[in-house]
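The structure appears right after this line, and notes come after that.
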Amino acid sequence: MPKRPQDATPSPVSGLPEHARAPLPDELTPLLGNRTPRQFMRRYWQKKPLLIRQAIPKIAAPLARDELFALADQDDVESRLITHFRNAWDMEHGPFAPDELPSVRKREWTLLVQGANLHDDRAHALMNRFRFIPDARLDDLMISYATDGGGVGPHFDSYDVFLLQVHGKRRWRIGAQRDLSLKPGLPLKVLQHFEPEEEWVLEPGDMLYLPPHIAHDGIAEGECITASIGFRAPSSHELTAQFLYHLAERAGETPDGVRGNARYRDPAQEPVSEPAALPALLVERVGAILANIDWSEKDIATFLGSYLSEPKANVVFDSPERALNEQKFVERAKKTGVRLDRKTILLYDARSYFVNGESEALSPKLKKWLPELANSRCLEAKRFVTLTDDSSMTALLHEWYRAGWILMGALP
């Protein structure tokens, strides 16, 4: 590992436990095949695939088979069962009771559990190893369990993905083909013409990185478990629609009658003999109104922070059963520290912070500690002591604690 210059600023995440720490930008790491994150991002990210042998040596599955099955039985967990029995593809959505899953001795079926990082500390810690890529892009960790011959068919993803083998073996075939047409009439997206160019068998600890639109097919060789670390890649249509909705919401905060939110008027409208015809004056006036819509870089940043920190629809925060009052909360935090809940998304920029879809100004006082909490996802006890002189900060953390957004104690 290269030495850090004496005058360099320590990484805000360098204090994390080793099992949950991402490598620093210029740190050589087995996770990326003894490359630095900077080298990986420049040479491979969104450019070309990379096979990494023993990215995480001696790895164990974050959840054992029975734990994964139990997770798939929960109402707030997104899970899918994919089978390829008698050469026919089928897909069902969970939750799945234990007796609703096929026998583990039966071939060619796969259980996918999305967002395992939201429900298990070990899965969350594993995903955190990839935080050399911004949190705003990091989506979730999916766990795939498959019996012998199991898979989801040859397909492509519209986002980057790291495919980490954590138990058993899986054979991967990939190809950078142009024909991405899908087989019609299937419940899942399977390529109509798969043209593999390379092939490998991955064993526990091995990892395959794939940029978007690289066709791939993974087949289990015996029972296997694969962890997929995926990234957010919203489409232009989605971003445009959500941003316009964001602007509309902000405009809706202006009371009627206030300049900029005046209602439509047409005092020059002439009487008509064809009432169903769309008035040309209406089109002209509305066009002029829409032409006046503008936005700034701050509006874009506020939208992105709020949008990308918004929890998924199935996320539910659990408030403490017996919440401590603020005084006792502070006393406890001085001894144990606090940490963000696995489901909490906390982002920030130079002006604002964004937590679980909410946006607030980043005051000078908050700048002293909030970036540290966001990057490290925790505040150690000794660090918390320095906050207690400002009641507004402790009150905010206590509010987050009561909402279930932060928890007492250090990272697991």
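The values are calculated or read from the model by the stated rules, or taken from the named source; none is laboratory data. From a predicted model like this one, the values you see are computed outputs, not experimental measurements. In this analysis, Cβ positions are derived from the backbone assuming ideal geometry, glycine residues included, and neighbour counts consider all displayed protein chains.
A few points about this structure:
- Test: residue in segment 140-157 that is crowded, with 21+ Cβ neighbours inside 10 Å, among the charged types (D, E, K, R) and modelled with pLDDT of 95 or more: no
- Entry remark, segment 320-350: residues being surrounded by fewer than 13 Cβ atoms within 10 Å (Cβ to Cβ) and within 30 Å of K298 (Cβ to Cβ) number 1 in total.
- Close Cβ contacts (under 9 Å, 6 or more residues apart or on different chains) running from residues in segment 40-52 that are at positive phi to residues that are assigned to a loop (DSSP other than H, G, I, E, B) comprise Q46/D160; Q46/P211; Q46/P212.
- Restricting segment 279-312 to residues that are assigned to a helix (DSSP H, G or I) and of a type in the set (D, E), the residue that is surrounded by the most Cβ atoms within 10 Å (Cβ to Cβ): D299
- Restricted to segment 353-412, the set of helices (runs of 4 or more DSSP H) holding at least 1 residues that are farther than 26 Å from A22 by Cβ and in contact (Cβ under 8 Å) with a residue 60 or more places away in the chain comprises 391-403.
For every residue, the table says whether it meets (1) farther than 30 Å from I406 by Cα; (2) of a type in the set (S, T, N, Q); (3) modelled with pLDDT of 80 or more; (4) outside the structural domain of L346 (by TED's automatic domain parsing).
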site	(1), (2), (3), (4)
R250	no, no, no, yes
V258	yes, no, no, yes
D266	yes, no, yes, yes
P275	yes, no, yes, yes
P279	yes, no, yes, yes
Y307	no, no, yes, yes
K312	no, no, yes, yes
V315	no, no, yes, yes
S319	no, yes, yes, yes
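- Considering residues of segment 282-317 that are out of contact with any Lys or Arg (no Cβ under 9 Å at 6 or more places or on another chain) and of a type in the set (D, E) only, the residue farthest from S352 (Cα to Cα): E284
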